[in-house]
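Each reported figure results from applying straightforward, stated rules to the coordinates on display, with no laboratory input. Please read these numbers as outputs of a predicted model, since none were measured by experiment. Because the Cβ atoms are built from the backbone with ideal geometry, glycine has one as well, and the counts that use them run over all protein chains shown.
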Amino acid sequence: MNKKGDVVRLYLPPDANTLLSVVDHCLRSRNYVNVIVAGKQPELQYLDMDAAVKHCTAGIGIWDWASNDQGSEPDVVMACAGDVPIFETLAATDLLRQQFSDLKVRVVNVVDLMTLQPASEHPHGISDREFDTIFTTDKPIVFAYHGYPWLIHRLTYRRTNHKNLHVRGYKEEGTTTTPFDMVVRNDLDRFHLVQDVIDRVPKLGYVAAYAKQALRDKLIEHHEYVTTYGIDMPEIRNWKWPY
């Protein structure tokens, strides 16, 4: 709530269709303070308009097209909010599925941050049962967020699985550099996200030792490439969701 008692809603649309849906939703609302955080760079289109309207209306949801845990329990939940975190989360999910074919990954996108709160704290908050259904009660959650990590922790501190929630976000690290290097400097890139999963999914354990070393080497390769050429590596600039 703000000082006047109005309900504040914070939206982070993942693509153009969801942005249009959010804007329409906000313009039709009354007695709310709506805050929309959106970038100005060209982005991938993840949802068609029908799916975007449904996703925006719910404010949170599992992206089944990016997940591979259908019909089973996930080993890890990859959550994201914000355009760059979404992109890096999908890229990290791609790496995980390449490296560990039996790993079950659930991808969750949050458009309305207020859904993370209990319904008793905000009218857009989802119930504990729904939160547990989406995020599970005992699986590790790696949450990529475009702002300060502590905000996600504050919004979810009363939730069942908060103890397994690990948030990557803005750490006030940066300079005049490449887009991906800015993400790396804040430990929000795909390689750090995959490392987080390896550290938190028990069944990976020693099996993932070589993969984790390869991720470390990739970060070194990235630094050397950016320093030499002043642009991001081709595999970063040209990456697209492959499934």
Inset, instruction - Can you confirm whether segment 20-34 contains a residue that is assigned to a loop (DSSP other than H, G, I, E, B), touching a strand residue (DSSP E or B) at 6+ places or on another chain (Cβ under 8 Å) and touching a residue at least 40 places away in the same chain (Cβ under 8 Å)? - result: no
Legend entry - segment 118-144, residues that are in contact (Cβ under 8 Å) with a residue 40 or more places away in the chain and either under 25 Å from residue 196 (Cβ atoms) or among the hydrophobic types (A, V, I, L, M, F, W, C) (or both): 126, 134, 135, 136, 139, 140, 141, 142, 143, 144
Legend entry - Meets criteria (under 30 Å from residue 101 (Cα atoms), among the aliphatic types (A, V, I, L, M) and out of contact with any Leu (no Cβ under 8 Å at 6 or more places or on another chain)) for residue 144: no
Legend entry - So residue 77, is it over 20 Å from residue 183 (Cβ atoms), touching a residue at least 60 places away in the same chain (Cβ under 8 Å) and among the β-branched types (Val, Ile, Thr): yes
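Matching residues to (1) within 23 Å of residue 169 (Cβ to Cβ); (2) in contact with an Asp or Glu (Cβ under 7 Å, 6 or more places away or on another chain); (3) loosely packed, with under 14 Cβ neighbours inside 10 Å:
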{"position": "21", "(1), (2), (3)": "no, no, no"}
{"position": "46", "(1), (2), (3)": "yes, yes, no"}
{"position": "51", "(1), (2), (3)": "no, no, no"}
{"position": "57", "(1), (2), (3)": "no, no, yes"}
{"position": "66", "(1), (2), (3)": "yes, no, no"}
{"position": "91", "(1), (2), (3)": "yes, no, no"}
Inset, instruction - Find the residue count for segment 165-217, including only residues that are exposed (fewer than 12 other Cβ atoms within 10 Å of the Cβ), polar (S, T, N, Q) and in a helix (DSSP H, G or I). - result: 1
Inset, instruction - Inspect all residues belonging to segment 219-236 and state whether any of them is touching a residue at least 24 places away in the same chain (Cβ under 8 Å), assigned to a helix (DSSP H, G or I) and surrounded by 21 or more Cβ atoms within 10 Å (Cβ to Cβ). - result: yes
